[in-house]
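A short write-up of the structure that comes next.
The values are calculated or read from the model by the stated rules, or taken from the named source; none is laboratory data. Given the structure is predicted, the values throughout are model-derived calculations rather than measurements. Ideal geometry is used to build each Cβ from the backbone, glycine not excepted, and the neighbour counts take in all protein chains shown. Each accessible area value is taken on the protein alone, full model and side chains, heavy atoms only, with ligands, DNA and RNA left out. Shrake-Rupley method; radii C 1.70, N 1.55, O 1.52, S 1.80 Å.
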Protein chains: 2
Amino acid sequence: MTILLLLPQSRELIYPMHPTPDHILHTGLAFWSSKTLLSAVEMEIFTELAKHPGDLATLQGRLGLHPRGARDFLDALVALGFLHRDGDGIYRNTPDTELFLDKAKPSYIGGILEMANHRLYPFWGSLTTAVRTGESQNESKGGQDPFTALYADPAKLREFLRAMSGVSRGANMAIAQKFPWGEYRSCTDIGTAQGDLVTQITLAQPHLQGIGFDLPEVGPIFEEYIASNGLDARVSFAGGSFFTDELPKADVLLFGHILHDWDLATKRMLLQKAYAALPAGGAVVVYDSIIDDARKENAFGLLMSLNMLIETPGGFDYTGADCIGWMQEAGFTNCRVEHLVGPDSMVIGIK
Amino acid sequence: MTILLLLPQSRELIYPMHPTPDHILHTGLAFWSSKTLLSAVEMEIFTELAKHPGDLATLQGRLGLHPRGARDFLDALVALGFLHRDGDGIYRNTPDTELFLDKAKPSYIGGILEMANHRLYPFWGSLTTAVRTGESQNESKGGQDPFTALYADPAKLREFLRAMSGVSRGANMAIAQKFPWGEYRSCTDIGTAQGDLVTQITLAQPHLQGIGFDLPEVGPIFEEYIASNGLDARVSFAGGSFFTDELPKADVLLFGHILHDWDLATKRMLLQKAYAALPAGGAVVVYDSIIDDARKENAFGLLMSLNMLIETPGGFDYTGADCIGWMQEAGFTNCRVEHLVGPDSMVIGIK
């Protein structure tokens, strides 16, 4: 039992560090803070406050909040560190939310949170079923390729592709700096989505030519994004399927948050196709929320793997050692893992 | 924009502390870790491991986990700090989960997480609607008293009452020590549920007599709990409604996680009834996740208030200053706020 030491003079309780229920209760109810932020993104509160800050009464009107919960909702966002409220009761964005959650800015990363709010939050409600059955719990419940449904619906596709940019931005910027790009002249981003990875790389490395490879439906969304970043001259789109087509040739082939979507056989096939498409001396760069080899530290990587359980028929995340093993089977040498940012690392192999 | 400083020699990136998307992404996806713990409690993993630890293959069989997700699920619980895995691959509880999440122990607090898993997680999926409409989003969607539905179903009632014990245990133990009980001889716990508050108080204070007051349906569950703690001789049950009946008299009247369930008029009425029931010199003790007066720090208290929005037609959480104001209106003096544990504080008033 928890031992309470009563100090007679101060009447203060001293709790031992452990055992305490704090971490259990905090984590078990963490979906409250999560969903509060997701609803705020859904209601575009940060976009609205980026236009101009406002007090409670003004914001109720502008955002369509009912008086009963409005103040608690906004003050919860203050206490969670996503808004500031000054002495006059004016709410405004923090520097983080002003930069990353204003839809009008190219730095917006809220796409992943919009998708989390619409899709992942309810699907994760069936986690127990997923763990008991091994079956995905999203729109494609039952086993078909989840990307087929997603890519068939232009609105969902656009949300998904923006979401991928949002969750990948930090890692993409890190790869643009950390990889030894000076040794190479071209790169192809496999499963490029909106194209944020090849965008960040070519923005940071003006000597590079880039290709984004994805299903043809992605083309217009990719080209719009590339144009908005002024990269039309150096970055182009190649439409195709990595199941039925060869990969476009380049000095460096990148797989950003791609391998974890697929089962083991597909992971291996993709690395074999990458080896075939690369010139001698070319490099493959795989990044994901790579799990630590001991599988004890990178909680986000392990949870992302559960997200792949919920979202895909066979996908899973993996350790650096797992990935290096598959790369070596495909023929790559000099394989290494390098940390990027947050939970993400890249695994590099040389042909 | 985020500024990346490239140090040419180390090729290391230095991110400034802010702005970064880390806190946004971490909170926005925190429902993953939350739901993982809730599913583990639902599957009684900690109860099973308390019987005996086991390796992956054994646990898959004992717990009914599908091979696809079993290892990621268990290792996510390791990385989140709720399980240990040793060098031989044997999973076991941490000291915290062994004590608080083994259903066979009286220290089990998982009831609140069972309820969070069954009820609150899906209801919070409608937070946006709640904030826009001001209406509750649970079984009683539409406005009726949520407790009527809950109290009418014995299984739901038992889960709810156990949940209340789980979420209140730490605060109850703190009140049992921190309040100056030496000055009083009896207490009544209003809305006692399973009776954990009066249990912790009378366990710690052998000179006290206690009464638990709640709707008559609660009686058998209360009496079972009191008996299991060996307190039959000093603690009894009084059945009634605090809407239609007077409160049982005692030197100290306690409201633990009660006032936040109700609208302002009911909060005031309850404090007036408490004043009427107390002798001169008697004390009222109200506890909840009392929000700091500036409404900027106690995020849990503000989120609990949103939970009351989702769960009740008119309930809300409040600051210490709010509560002292209502107590003074009812006639109480010497009112003060004292912190208990975690997000909970008590507000004390003297007649």
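At a glance:
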| item | result |
| --- | --- |
| Cβ-based net charge around A:Leu253, under 11 Å, with every Lys or Arg adding one and every Asp or Glu removing one | +1 |
| Per-residue SASA entry for B:Cys323, accessible area with 1.4 Å probe, Å² rounded to 10 | 0 |
| Debye, to nearest 20: dipole size of chain B, +1 on Lys, Arg Cβ, -1 on Asp, Glu Cβ | 240 |
| Label point 7 Å beyond Cα along the C-beta direction, distances from B:His66 to other copies (nm, shortest first) | 3.7 |
| Global size of the range A:156-216 as Cα Rg and Dmax, reported in angstrom | 11.6, 38 |
| Where Rh is the Kirkwood radius over Cα pairs, Rg/Rh for the range B:193-252 | 0.95 |
| Per-residue [θ]222 nm for chain B (sum of -39500 (n - 2.57) over DSSP H runs n ≥ 4, rounded to 500) | -13500 deg cm²/dmol |
| Nearest-first distances (nm) between copies at B:Asn334, label 7 Å from Cα via Cβ | 7.9 |
| Rg [Å, one decimal], Dmax [Å, integer] - the range A:234-273, C-alpha atoms | 10.9, 34 |
| Mean shadow area of the range B:134-249 over all directions, Cα convex hull, nm² | 8.1 |
| Label point 7 Å beyond Cα along the C-beta direction, distances from B:Glu297 to other copies (nm, shortest first) | 3.5 |
| About the Cα centre, charge dipole magnitude for the range B:238-346 (Lys/Arg +1, Asp/Glu -1 at Cβ), debye | 200 |
| Separation between Cα centres of the range B:255-307 and the range B:44-92, rounded to whole Å | 41 |
| Three principal axis lengths of the range B:194-334 [C-alpha, angstrom, descending] | 44, 33, 30 |
| Cβ-Cβ FRET estimate between B:Arg62 and A:Glu139, R0 fixed at 22 Å, reported to 0.05 | 0.10 |
| Normalised per residue, the volume of the convex hull around the Cα set of chain B (Å³) | 190 |
| 0 to 90° range, to nearest 10: angle between helix A:299-311 axis and chain A longest Cα axis | 70 |
| nm² value of the averaged projected area, convex hull over the Cα atoms of the range B:45-95 | 3.2 |
| Reduced Cα scattering model of the range B:96-135, Debye log10 I(q)/I(0), q = 0.18, 0.24 Å⁻¹ | -0.58, -0.74 |
| Principal axis box of the range B:275-351, alpha-carbon based, largest edge first, Å | 37, 26, 19 |
| Carbon/sulfur fraction of accessible area - chain A, other protein chains in place, 1.4 Å, % | 56 |
| Paramagnetic reach from B:Asp232 in the range B:187-224 [backbone N under 11 Å; point 7 Å along Cα→Cβ] | B:224 |
| Estimated inter-spin distance, B:His118 and A:His118, nm [label 7 Å along Cα→Cβ] | 3.3 |
| Cα gyration tensor category, rounded, prolate or oblate, for the range A:68-194 with a/c compared to 1.5 | oblate |
| Heavy-atom accessible area, 1.4 Å probe, ligands and nucleic acids excluded: residues of the range B:24-49 down by at least 40 Å² from chain alone | B:Ile24, B:Leu25, B:Thr27, B:Gly28, B:Leu29, B:Phe31, B:Trp32, B:Ser34, B:Lys35, B:Met43 |
| Spatially proximal lysines relative to B:Lys103 (Cα-Cα < 20 Å; intrachain offsets below 8 disregarded) | B:Lys35, B:Lys51, B:Lys156 |
| Evaluated at q = 0.05, 0.08 Å⁻¹: base-10 log I(q)/I(0), Debye formula over Cα of the protein assembly as shown | -0.28, -0.68 |
